[in-house]
Every structure is written in C-alpha cells, then in structure tokens.
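Colleague: Handing you this structure, nothing more for now.
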Amino acid sequence: MASSTSFPDPRSKKPLGKMADWFRQALSKKPTTTHVSPENRPSDISQSSSQDSPPPLGPSSEVSPTLPPTHMGADSSSSSSGRWSKDYDVCVCHSEEDLAVAQELVSYLEGSTSSLRCFLQLRDATPGGAIVSELCQALSNSHCRVLLITPGFLQDPWCRYQMLQALSEAPGAEGRTIPLMSGLSRAAYPAELRFMYFVDGRGPDGGFHQVKEAVLRYLRALS
C-alpha cells in the first residue's frame, strides 16, 4: 500500500489568529507625516494659504468697517463746524415782484471781497424739484436768511410761509435771520419779527452794506 505524501499548505505559514492581528495592526497604523522646514516650503503654497484663509477674529482683532478718507489738517475742525459746514452763507427770501431787488442784493453779496455764497430760489433751485422741499433744504443749508420785506412780501402767502419756515429753523439764533425792510413804515413791520432788529432799506445803498456786515459778523462768530 502506497503511502500518501502530504504537502504543506502555504497559507498555513501563519496561524489565523496571528494573521488577523497582523491585519489589524496594519490597518490601525497611522500614516507618517513629513515635516516641511520653512526653507524648503514652496513660496506659492504659503501665499495661497495667507490669501485664502481669513484672519482670526477675537477681542484684539475686530474687523472695523471701511471709512471714507478724511483730510486731517489744521482746518479740519473749523471746516466741519464753521462756515464750510453748510452749502450757502445766505438764503434770500423775497416775493415774485421783488425779484429784481433780490438779484441786486445777491450780486452785491457775491461780488464783495468775502465772496458770500447766496441761494436765490429762481436761480439755484433744482429743475423739477418740489418748491417747498427745495426751500426747506435751502434754509437748512444756509447760515443766514435775509427776508426782503416789502408790501409785496406781506401780501404774498408764500412769502409768509418762507418767513415762518426761516424762524422755525433757528428761533433763538441771533443774527441768523436778517429782515431787510423796504417801502414800509415801522408800523407795518410783521409782528412775528418784533423781537428782531431790521435793516432799513431807505438808505443810499438799499441797506445792502448793513446786510453784508450782519452776515459776516455771524460767520465770524462760527470760527
């Protein structure tokens, strides 16, 4: 009887228990990490990481909103609170029939050495703008208001509205509202302005010089 020869199974070189342990160790082994020195790090990688990643936020790294550039100088405070804080120096309120006198007054004030900035509604109002809103904006953006008080001014309801609006803008600001009375007696002076001195327009220059000096006095008080 021939004896049977058995060959060893190559799969039986490691016991199943030891082989399972070997696989578990291989799977649980952490990949090795390579440390890149700063001198060997590519420059493009460092640039992309610095550009793509936002800066850390914390108590000492708050992000402030972008502010418009400001002109810092010796005149920065005076320009914000003085004469240049408003668009106009004078707003002239008048009736329609006194337009020619109002234009003469504006030319006198603008042509002086002080180059006063004047608002004349029929000349400077925005085309297509609402009349009331244009007037209110001009009064608010002017340092002084000259009321050209004439018989036509007193008879015009629109002029009365201008006068009341000018008084409501600055009821306690002395020298800001300047009445220029022309062609009227003292008894016709509006009761709403009884606590204000007026400029008498019966002089040779129609009171224009006195109006200019009153405006300049108020502007000097701002600085």
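The values are calculated or read from the model by the stated rules, or taken from the named source; none is laboratory data. Every value quoted in this text rests on a predicted model; they were computed, and no experiment measured them. Heads up, the Cβs are rebuilt from the backbone with ideal geometry, glycines too, and the neighbour counts pull from every protein chain shown. Side chains included, ligands, DNA and RNA excluded: accessible areas come from the protein's heavy atoms. Shrake-Rupley method; radii C 1.70, N 1.55, O 1.52, S 1.80 Å.
Colleague: Taking interchain pairs and intrachain pairs at least six residues apart, which have beta carbon atoms under 6 angstrom, with the first residue in segment 112-138 and open to solvent by less than 40 Å² (accessible area, probe 1.4 Å) and the second part of a loop (DSSP other than H, G, I, E, B)?
Modeller: The qualifying pairs are GLU134/ALA125.
Colleague: I need the full set of residues from segment 210-223 which are in a helix (DSSP H, G or I), open to solvent by 60 Å² or more (accessible area, probe 1.4 Å) and touching a residue at least 24 places away in the same chain (Cβ under 8 Å), in order please.
Modeller: ARG217, ALA221
Colleague: Between GLY82, GLY58, which is over 30 Å from ALA191 (Cα atoms), at pLDDT 50 or above and either out of contact with any Phe, Trp or Tyr (no Cβ under 6 Å at 6 or more places or on another chain) or of a type in the set (Phe, Trp, Tyr) (or both)?
Modeller: GLY82
Colleague: Looking only at residues that are within 18 Å of ASN141 (Cβ to Cβ) and modelled with pLDDT under 90 in segment 172-198, which one is surrounded by the most Cβ atoms within 10 Å (Cβ to Cβ)?
Modeller: Among those residues, the one meeting the criterion is GLY175.
Colleague: Here's something else I'd like to know. When you go through (1) touching a Gly at 6+ places or on another chain (Cβ under 8 Å); (2) under 17 Å from LEU99 (Cβ atoms); (3) of a type outside the set (A, V, I, L, M); (4) in contact (Cβ under 8 Å) with a residue 40 or more places away in the chain one by one for GLY206, which number turns out not to apply?
Modeller: With (1) touching a Gly at 6+ places or on another chain (Cβ under 8 Å); (2) under 17 Å from LEU99 (Cβ atoms); (3) of a type outside the set (A, V, I, L, M); (4) in contact (Cβ under 8 Å) with a residue 40 or more places away in the chain applied to GLY206, the lone miss is (1).
Results for (1) in a loop (DSSP other than H, G, I, E, B); (2) out of contact with any strand residue (DSSP E or B) (no Cβ under 9 Å at 6 or more places or on another chain), shown as yes or no for each residue.
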{"residue": "LEU99", "(1), (2)": "no, no"}
{"residue": "GLN103", "(1), (2)": "no, no"}
{"residue": "VAL106", "(1), (2)": "no, no"}
{"residue": "PHE119", "(1), (2)": "no, no"}
{"residue": "PRO127", "(1), (2)": "yes, yes"}
{"residue": "SER133", "(1), (2)": "no, yes"}
{"residue": "CYS136", "(1), (2)": "no, yes"}
{"residue": "GLY152", "(1), (2)": "no, yes"}
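Colleague: Hey, could you check segment 97-111 for residues that are open to solvent by less than 30 Å² (accessible area, probe 1.4 Å) and closer than 19 Å to TYR161 by Cβ and say which is farthest from the chain's Cα centre (by Cα)?
Modeller: ASP98
Colleague: Can you find a residue that is touching a strand residue (DSSP E or B) at 6+ places or on another chain (Cβ under 7 Å), at pLDDT 90 or above and in a loop (DSSP other than H, G, I, E, B) anywhere in segment 200-207?
Modeller: Yes, some residue in segment 200-207 is touching a strand residue (DSSP E or B) at 6+ places or on another chain (Cβ under 7 Å), at pLDDT 90 or above and in a loop (DSSP other than H, G, I, E, B).
Colleague: Would you mind finding the one in CYS159, CYS144 that is touching a Lys or Arg at 6+ places or on another chain (Cβ under 8 Å) and either surrounded by 14 or more Cβ atoms within 10 Å (Cβ to Cβ) or in a strand (DSSP E or B) (or both)?
Modeller: Sole residue among the options that is touching a Lys or Arg at 6+ places or on another chain (Cβ under 8 Å) and either surrounded by 14 or more Cβ atoms within 10 Å (Cβ to Cβ) or in a strand (DSSP E or B) (or both): CYS144.
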